[in-house]
Every structure is written in C-alpha cells, then in structure tokens.
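The block underneath contains the structure these notes are about, expressed in structure tokens.
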Amino acid sequence: MRILVTGGAGFIGSHLVDKLMENEKNEVIVADNYFTGSKDNLKKWIGHPRFELIRHDVTEPLLIEVDQIYHLACPASPIFYKYNPVKTIKTNVIGTLNMLGLAKRVGARILLTSTSEVYGDPLIHPQPETYWGNVNPIGVRSCYDEGKRVAETLMFDYHRQHGIQIRIARIFNTYGPRMNIDDGRVVSNFIAQLKLLFALYRGEPLTVQKPGTQTRSFCYVSDMVDGLIRLMEGENTGPLINPEIEIKMVENTPDDPRQRKPDISKAKELLGWEPKVKLRDGLPLMEEDFRSRLGVPKRN
Ligand code: NAD
Ligand code: UDP
C-alpha cells in the first residue's frame with residue numbers, strides 16, 4: 001500500500017507515520033511545507049527505503065501515485081492558524097481540493113482530519129456527528145473553523161459527484177510528545193509553565209484564560225492515531241499541578257468555546273474504538289518529551 005500523509009512532519013502526522021511504517025507492506029510519502037512541522041519529527045525515517053519526504057505546499061497540485069491519502073496538512077493551534085488567516089483558508093480549501101483531485105485521478109481513498117471546531121461554541125453536549133454546530137463565520141477563528149467546514153463539504157461533494165471514497169475524522173484536543181512547545185495550547189502551556197519544568201527558568205505563572213470554566217476532552221496521540229487508522233481501514237464513511245503554583249487569570253481570545261466534549265458512541269459502535277490512555281498517564285509522557293527537548297532535568 002502506498003500512502004500519502006500530508007502534514008506528516010507535524011505532531012499527529014509524525015506519530016501516524018511511525019505507526020504506518022510499522023507495517024512492512026506500507027510505503028509512506030510525506031508532503032509538508034514545514035510551517036508548523038519539522039523534519040526532526042521524522043528523522044528516524046529519513047533515508048529508509050519505504051519512506052519519502054517531499055517539501056510541498058498542498059495549495060499547489062501534487063502529481064504522484066498513491067492508494068491512500070491521510071490529509072492532515074493545516075496548522076492546528078490557534079496562534080499558528082491565526083498568524084496568516086488567508087493562508088489557513090487556502091490550505092483548507094485549495095489544499096483539500098488538490099488532495100481530492102489527486103484522490104480522483106488515482107482512485108485513492110482519502111481521510112480528512114477535521115476538527116471539533118466545526119461545532120464552534122456548541123450549544124449541545126456532548127456533540128454527536130449529527131450536530132451542525134454554532135460557528136461565527138466572521139470571527140478570528142473562522143479561517144480555521146469555516147475552512148474545515150468547507151473542506152468537509154468538498155469531501156462529501158467529491159464523494160457524491162465523483163464516487164471518491166472518503167473518511168472524515170473530527171478530532172478533539174489531542175496531546176502528547178512532539179507538540180510544539182510554544183504553540184499556546186492549554187496542555188503545552190501548562191506543562192511548560194509548571195514549576196517542575198521551565199517556569200523555574202522563566203518564572204511564569206500558570207495562565208488560565210477567563211472565565212476559567214471552559215471544558216475540553218483530551219485524547220492522547222496514540223489513541224488518536226489508532227482511531228485514524230481504524231477509520232481509514234473501516235467501512236464507515238496525576239495530579240499535574242504543583243499545589244504551590246501561582247495561577248493568573250488572563251484575558252481570553254474571542255469565540256473561545258465554553259464547553260466541548262464528543263459523543264463517541266458511533267466511533268465505539270462502528271470502529272470498535274475508544275481512547276485507552278488516561279489523561280493522568282498521558283501527561284507524564286508528554287512532560288518527559290518536553291523535558292528532554294528542553295534539556296530540563298527531572299526534579300525529585
Ligand atoms: P501540526 O501543526 O503539528 O501539523 C500540521 C502539519 O501540516 C505541519 O507539519 C505543517 O507544517 C503542515 N502544513 C501546514 N500547512 C501546510 C500546507 N499548506 N502545505 C503542506 N503542509 C502544511 O498540527 P497537528 O496537531 O498535528 O494537526 C494535524 C491535523 O489534525 C490538522 O489538520 C488539524 O487541523 C487536525 N486537528 C488537530 C487537533 C489537535 O488537537 N492537535 C484537533 C483538531 C484537529
Ligand atoms: N487556555 C487557558 N490557558 C492557556 C491556554 C489555553 O486557560 O494558557 C484555555 C483556552 O481559553 C481554552 C482551553 O484552554 O478554553 C483550550 O485551549 P487550546 O488553545 O488548547 O485549544 P482549543 O481552544 O482549540 O480547544
């Protein structure tokens with residue numbers, strides 16, 4: 001099986017590549033423009049006979065021959081996707097169009113990593129796949145939210161119009177090793193700000209964005225990769241905080257969803273998938289990764 005992973009040099013993409021490369025029958029091609037990803041995430045595969053890395057921006061057409069496409073390319077963290085919102089929209093819309101064009105030309109099955117952000121600031125909890133969402137079309141997060149909504153629309157239109165085999169995963173907050181340390185997301189911020197880690201060096205408090213009652217559901221990256229592969233292959237479309245840590249309430253960004261939690265009954269029923277790694281077990285693994293990348297020794 002020849003598999004293309006767009007955005008494969010990023011956080012989730014590189015873990016997906018690790019898993020796909022375990023199967024000796026797979027040949028994996030990564031296309032990435034290195035906006036938020038890095039070759040470092042793939043260094044163990046560079047030079048491997050079944051692996052190929054291409055510097056490529058998905059807003060440009062790509063002419064290769066593949067059997068499956070995992071289409072992940074898109075910055076995922078608000079600070080990166082807001083950095084150049086027009087580019088974020090182009091990546092989602094033109095990028096997805098190009099990958100669908102590729103899927104159509106070569107008859108490949110394509111999986112899009114969409115997002116819980118398609119639900120916007122949801123009005124029902126937990127969110128089932130049937131919920132259409134509550135999204136601000138003109139806000140600062142819209143380039144990502146609406147971009148992914150259009151990407152989903154394109155996927156379904158290519159499926160209906162051209163018979164392309166599609167899969168869509170709406171990913172909720174995923175965490176683990178290789179996340180960008182400075183991406184501003186809550187788990188990376190808190191791990192980075194913990195007194196245990198480099199707050200010792202930077203003297204930063206733990207930043208809780210107001211009102212501080214927002215909720216999310218966190219999925220460890222190995223569970224996410226397992227779910228993505230099941231979806232592609234299936235038939236259906238500890239105590240973290242030092243008690244002495246200082247907490248600072250800081251201003252939030254506009255349109256921040258107040259509550260978010262997926263209804264995963266369909267994934268359980270159709271894919272036999274449910275997360276296995278508890279937050280309590282996953283966070284220390286990510287903390288360990290941040291420590292080794294920053295060269296911070298473990299404190300007793
Ligand atoms: P990431 O930023 O680590 O990875 C994205 C990758 O895409 C990077 O390697 C980046 O360089 C690449 N990229 C961006 N724009 C590109 C372009 N125009 N052409 C080619 N490559 C491009 O993010 P991630 O957390 O690994 O997210 C991967 C996918 O999962 C994204 O589609 C994201 O929207 C989706 N997702 C992630 C989360 C999460 O919690 N991490 C939640 C919901 C959805
Ligand atoms: N958040 C916070 N402190 C931080 C970073 C984020 O309180 O230092 C909050 C943020 O306001 C949001 C939640 O944590 O309610 C998750 O934010 P993140 O950016 O990680 O993901 P997303 O908003 O995309 O779910």
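The values are calculated or read from the model by the stated rules, or taken from the named source; none is laboratory data. The structure displayed is predicted, hence computed values, not measured ones. Quick reminder, even Gly has a Cβ in these numbers, built from the backbone with ideal geometry, and neighbours come from all protein chains shown.
Against the numbered list (1) crowded, with 17+ Cβ neighbours inside 10 Å; (2) modelled with pLDDT of 85 or more; (3) away from ligand 1 (no atom under 16 Å from the Cβ), Lys195 comes up short only at (2).
Strands (runs of 3 or more DSSP E) fully within segment 49-137 that include at least 3 residues being β-branched (Val, Ile, Thr): 109-115.
Residues checked against (1) closer than 17 Å to Asn173 by Cβ; (2) among the polar types (S, T, N, Q):
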{"residue": "Pro205", "(1), (2)": "no, no"}
{"residue": "Pro211", "(1), (2)": "no, no"}
{"residue": "Ser217", "(1), (2)": "yes, yes"}
{"residue": "Gly227", "(1), (2)": "yes, no"}
{"residue": "Lys268", "(1), (2)": "no, no"}
{"residue": "Leu285", "(1), (2)": "yes, no"}
{"residue": "Gly295", "(1), (2)": "no, no"}
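Taking the criterion of being among the hydrophobic types (A, V, I, L, M, F, W, C) and closer than 18 Å to Met179 by Cβ, the residues of segment 1-29 that qualify are Val5, Ala9, Phe11, Ile12, Leu16, Val17. Against the definition (part of a helix (DSSP H, G or I), at negative phi, surrounded by 18 or more Cβ atoms within 10 Å (Cβ to Cβ) and more than 15 Å from ligand 1 (Cβ to nearest atom)), how does Ala151 come out, yes or no? It is false that Ala151 is part of a helix (DSSP H, G or I), at negative phi, surrounded by 18 or more Cβ atoms within 10 Å (Cβ to Cβ) and more than 15 Å from ligand 1 (Cβ to nearest atom).
Of Thr213, Thr207, all but one fail to be away from ligand 1 (no atom under 12 Å from the Cβ), at pLDDT below 95 and farther than 27 Å from Arg293 by Cα; the exception is Thr213.
Residue count for segment 251-287 under the criterion of being surrounded by 13 or more Cβ atoms within 10 Å (Cβ to Cβ), outside any helix (DSSP H, G or I) and not charged (D, E, K, R): the result is 9.
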